[in-house]
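Some notes on the structure that comes next.
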Amino acid sequence: MESILVTKTDDNYYAIKQGDKSSNHLGYDEMLGLFAALSMPENRPCLNWMKTDAQHKAEQEYFESIKERNSKRNEYSI
């Protein structure tokens, strides 16, 4: 991975340089977005955090079942 250089310019914009490519006159949010995009690996597991309502519900039910199973296991081990 090549180094990424972020510079704040005198006119309060940002410039980003990576290798032989650069971008300038970026606002703060544009600079953050570009920096994030350049620094992310190709496989971005954080995209798995985005789920439909049904997927969120299924995940919550799964975690609740683990919680119940663990609490029952603790009851028997006393």
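The values are calculated or read from the model by the stated rules, or taken from the named source; none is laboratory data. The shown structure was predicted, so the numbers you read here are calculated from the model rather than taken from an experiment. Here the Cβ positions follow ideal geometry from the backbone for every residue, glycine too, while neighbour counts run over all protein chains shown. Side chains included, ligands, DNA and RNA excluded: accessible areas come from the protein's heavy atoms. Shrake-Rupley method; radii C 1.70, N 1.55, O 1.52, S 1.80 Å.
Think of the chain as having a plus end and a minus end, set by charges on the Cβ of Lys, Arg, Asp and Glu; of Ser22, Ser65, Pro45, Ser65 sits farthest toward the positive end of this dipole. Taking Ser23, Ser39, Ser65 in turn, the Gaussian network model of the chain (Cα-Cα springs below 10 Å) assigns the largest fluctuation to Ser65. Calculated mean residue ellipticity, 222 nm, the chain: -15500 deg cm²/dmol, from DSSP H runs (n ≥ 4) at -39500 (n - 2.57) each, averaged per residue and rounded to 500.
Normalised by the number of residues in the chain, the mean separation of alpha-carbon contacts (under 8 Å, six or more apart) gives a relative contact order of 15 percent. Across Ala54, Ala15, Ala37, mean-square fluctuation computed from a Gaussian network of the chain (C-alpha pairs under 10 Å connected) peaks at Ala54. This model, with +1 at the C-beta of Lys and Arg and -1 at the C-beta of Asp and Glu, gives the chain a dipole about its Cα centre of some 380 debye.
Using a Cα-Cα cut-off of under 29 Å, which lysines could be cross-linked to Lys67, ignoring same-chain neighbours fewer than 8 residues away? Hits, sequence-local ones excluded: Lys51, Lys57. Per residue, the solvent-accessible area of the chain (1.4 Å probe, heavy atoms of protein chains only, all protein chains present) comes to 90 Å².
Nonpolar atom fraction for the chain, defined as the carbon and sulfur part of the 1.4 Å probe accessible area, stands at 53 percent.
Under 15 Å of direct C-alpha separation, and excluding same-chain neighbours fewer than eight residues apart, Lys17 reaches these aspartates and glutamates: Glu2, Glu30. Taken over the C-alpha atoms, the chain has Rg and Dmax values of 22.6, 68 angstrom.
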